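Presented below is the structure to which this report refers.
Since every read-out is calculated from the coordinates, none of them should be taken as a lab result. Here the structure is a predicted model, which means the values were calculated and not measured. When we count neighbours, we look across all protein chains shown, and the Cβ atoms used for this are built from the backbone with ideal geometry, even at glycine.
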Amino acid sequence: MPAILAKYGSSWTDITPSGLNNLANNSSVATSTIDNTSSSLKGLDFYFLLTFQYGTAPSSTGTIEITIEASRDGTNWTDVKNPISGISLPTDTSAHRVVFNLLSFFSNAVVPPPYFRVRITNKGGQSLASSGNSLFYMVANTDIV
């Protein structure tokens, strides 16, 4: 009987949005649109790696909020967002990494939307550092063997 196995991309793709470095408190930036209908993607899920760092230690109650904006046609976007709970921030200026997957934003979905973008909102009480902040993704699919 065939087995269904997870199949991951061979590398991370950089989608760091312009403005992530130096992102001010209570401000947000979004990635460019990810077109999951293109022949080079068609992922069943996407894993993201967010690296963030503050120049001045953030508030102990601060967060970074991640939201997915979805579209069925690449033009008309959701106005009700699907945020995950904010990422609690360590009160230091070290670089930190968080991995999350796309389908965790859509509780009843088995496949991601055709088009989407990632929005990052800084609610840390300080601006992000002037360098070292990034966002990458890796596609996940299945393989039947």
Which option, (1) 11.3; (2) 9.7; (3) 14.0, is the value of mean projected area of the Cα convex hull in nm² that was calculated from these coordinates?
-> (2)
Formal net charge of residues neighbouring S134 (Cβ-Cβ distance under 10 Å; K, R +1; D, E -1) | 0
Quickly rank 89-96, 63-70, 130-137 as a protection proxy: mean count of other C-beta atoms within 10 Å, highest first.
-> 63-70, 130-137, 89-96
Work out, step by step, the length gained on full extension between D143 and I4: first 0.36 nm times the residue separation, then minus their alpha carbon distance; give nm to one decimal.
-> 49.5 nm
